[in-house]
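In what follows, a structure is listed as structure tokens, so that the remarks can point back to it.
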Amino acid sequence: MVVSILGFGAVKEIFGGDVIAVEISEGVAADDLRNILLLQYPRLNQLTSFMIAVNSEYAQGNTVIVSGDEVALIPPVSGG
Amino acid sequence: MIDVKITSDNLDVTACISSVMLPHSGGIDVFIGTVRNETKGKKVVRLEFEAYEPMAVKEMNKIALDVFSKWPVQKILIHHRTGVLEVGEIPVVIAVSAAHRAAAFDACRYIIDTLKQTVPIWKKEVFEDGEIWVAAHP
């Protein structure tokens, strides 16, 4: 299945846009997606850290991504 | 009562204070974030803020609910701006009313400290000779 992944801040620049589409298999969890993305976008390694959000909640590493989920990559936040 | 907002409009501090003032309030604590003209000795030209809005609103609501479970406060307001902000402009206003000041002070500080750790909002510092996303890189 194809999931859309939203990027913000420094991640948007690494993605080269607001959103990317990534092909993943059924049963892939947030930690697996992290590894897939680190391979496809090695510059993500240069970030201090990043979190994955699923349906606008911070995801646990074992959260399985299902079709239709809204996934986002959250680089270190810096509001305020 | 919770009043949470992400907006590209100017923040009106007076309106924010009025919003949390209740007849049984004994005090209001307000935190106003402002755009500073330098960072680590380097001149800042402007800041650019962006937010993952639906999640930012959710996370701000979580902070407010958490505060209500920790301190006897009456109303909480958290407003954050997005877009381009010039030096001296206001990116964030937090206002907390309570019957007594101690709870309002503690809650207000907790809200801004937690917002900076959990709410998906990002700030780009623009200098005369470049720009960086704050905290993104070690």
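Taking the criterion of being of a type outside the set (A, V, I, L, M, F, W, C) and not in a helix (DSSP H, G or I), the residues of segment B:62-82 that qualify are B:72, B:74, B:75, B:79, B:80, B:81, B:82. How about segment A:55-76: which of its residues are free of Cβ contacts under 8 Å to residues at least 60 places away in the same chain, facing another protein chain (nearest Cβ under 10 Å) and touching a strand residue (DSSP E or B) at 6+ places or on another chain (Cβ under 7 Å)? Within segment A:55-76, A:58 is the sole residue that qualifies.
Exactly one residue out of B:132, B:94, B:90 is out of contact with any Ser or Thr (no Cβ under 8 Å at 6 or more places or on another chain), β-branched (Val, Ile, Thr) and closer than 30 Å to residue B:23 by Cβ: that is B:94. Within segment B:83-101, the residues that satisfy the criterion of being β-branched (Val, Ile, Thr), within 14 Å of chain A (Cβ to nearest Cβ) and part of a strand (DSSP E or B) are B:92, B:93, B:94. Just checking, does segment B:15-35 include any residue being closer than 25 Å to residue A:8 by Cα and open to solvent by 40 Å² or more (accessible area, probe 1.4 Å)? For segment B:15-35, residues closer than 25 Å to residue A:8 by Cα and open to solvent by 40 Å² or more (accessible area, probe 1.4 Å): present. In this entry, residue B:74 is excluded by the filter for residues that are facing chain A (nearest Cβ under 9 Å) and at pLDDT 95 or above. Taking every residue in segment B:73-84 that is without any contact (Cβ under 8 Å) to a residue 60 or more places away in the chain and pairing it with any residue that is in a strand (DSSP E or B), at least 6 positions away or on another chain, the pairs with Cβ-Cβ distances below 8 Å are B:73/B:96; B:73/B:97; B:73/B:98; B:84/B:46; B:84/B:47; B:84/B:48. The set of residues in segment B:102-136 being among the aliphatic types (A, V, I, L, M), open to solvent by 30 Å² or more (accessible area, probe 1.4 Å) and facing chain A (nearest Cβ under 9 Å) consists of B:132, B:134, B:135. In this entry, residue B:50 is excluded by the filter for residues that are closer than 26 Å to residue A:12 by Cα and either out of contact with any strand residue (DSSP E or B) (no Cβ under 8 Å at 6 or more places or on another chain) or open to solvent by 40 Å² or more (accessible area, probe 1.4 Å) (or both).
The values are calculated or read from the model by the stated rules, or taken from the named source; none is laboratory data. Keep in mind that what you see is a predicted model, and the values were worked out from it rather than measured. Here the Cβ is made from the backbone with ideal geometry for all residues, glycine too, and neighbour counts use every protein chain on show. Surface accessibility is based on the protein's heavy atoms, side chains included, excluding ligands, DNA and RNA. Shrake-Rupley method; radii C 1.70, N 1.55, O 1.52, S 1.80 Å.
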